[in-house]
Amino acid sequence: MLRLRVCAPRPGYAPRGTAGKIESDAASNCDRRNIHAGLLACLCARTVGVVPVRRRRHGGSRRTQEERRSRTQARLLDATMDCLVDLGWSGTSTTEVARRAGVSRGAQQHHYPTKMVLVAAALEHLLEAQRLAYERAFAVLPAERRDVAGALDLLWEVFRDKPAKALTELAVAARTDDELRPLCRDLNERVLQVIVETFERLFPANTLTPEFTDSVLRGVFAMFVGLSVQNALDDDESGHQEAVLRTLKDFARQLVPEPGASPTAASTAVPTRT
């Protein structure tokens, strides 16, 4: 920090252009242009004092405007998902989202002017975050569980988590909301696209045709949506959902056997790539 010595003028004396003599410490490497603006408020001082002046910052020590914008948007999007889970579509408002995010209404409206724009952005943000989290979770599974059955176990965990409940809430609300319905219809396709792309990345050696893979994963998606609704009501108290999941995993192992495993009757009966 540069320290400057300000010498007060004699009473009644004010030379043109300055009110005192300015001296800089010899150790400073700051030129006069850099310190001029900071001294304007001190030029009329009547006593000698030491005025601290900060050096100009360099590099990445100061958060950029882009970083601040990204942080604000992330807080708004996360708060939106929390509102949908806790309050539902009808109870979610931009005012409540801004309050939970800890930002002003003006900042919220600057980034996302309407509730629909805010929710659409939150859903896209959610899908990408869920995809990355899912792939990271699969990568750290024990080797013996890093197969199609392990992938289904993780997917079931995703469907029982809070973000998936928010998606279900929107889908139910869209049935009677003409404005929301197109968004949810497009959202279903985006979710399916993410599931298919993730499956292809995790199991690149599978020989299923794209058409068959798409149909099977659509069936898995529909099944998990229904199971998650039931799970939200009874938390699988009777164990029926777990039984369905076990059967699904047995079937999936036959469609996508582990490398080196002998093909089964079921796996030879499905369409494969040649």
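Once the Cβ-Cβ distance between ALA232 and THR207 is put in as r, and R0 is 30 Å, what FRET efficiency do you end up with, to the nearest 0.05?
Calculated transfer efficiency: 0.25.
Could you give the size of the charge dipole of segment 123-259 about its Cα centre, using +1 on the Cβ of each K and R and -1 on the Cβ of each D and E, expressed in debye and rounded to the nearest 20?
Approximately 180 debye in magnitude.
Would you mind putting 173-186, 79-92 in packing order, based on average other-beta-carbon counts within 10 Å, highest first? Don't skip to the end; give the middle numbers.
Working: 173-186: 13.2, 79-92: 19.1.
Listed from highest to lowest mean packing, they are 79-92, 173-186.
Could you give the length gained by full extension between ARG218 and GLU157, i.e. 0.36 nm per residue of separation minus their alpha carbon distance, to one decimal place?
20.2 nm
Testing the spin-label approximation: label points 7 Å from Cα along Cα→Cβ at SER104 and GLU197. State their distance in nm.
3.7
Let me test this: with uniform point scatterers at the alpha carbons of segment 123-259, what is the Debye-based log₁₀ I(q)/I(0) at q = 0.10, 0.21 1/Å?
Results for segment 123-259 at q = 0.10, 0.21 Å⁻¹ read -0.34, -1.47.
What is the Cα centroid distance between segment 193-226 and segment 60-103, reported in whole angstrom?
32
Using the Cβ atoms and a cut-off under 11 Å, what net charge is assigned to the surroundings of LEU187, where Lys and Arg are +1 and Asp and Glu are -1?
Net of charged neighbours comes to 0.
Between VAL117 and GLU66, what length comes free when the chain is fully extended (0.36 nm per residue of separation minus the Cα-Cα distance, one decimal in nm)?
Additional length available on full extension: 16.3 nm.
Considering only the other residues whose Cβ falls under 14 Å of the Cβ of ASP235, what net charge follows from Lys and Arg at +1 and Asp and Glu at -1?
Computed value for this residue: -4.
Bear in mind that the values in this text are calculations on the coordinates, not laboratory data. Keep in mind that this is a model prediction, so the values were computed, not measured. Backbone-built Cβ (ideal geometry, glycine too); neighbour counts: all protein chains shown.
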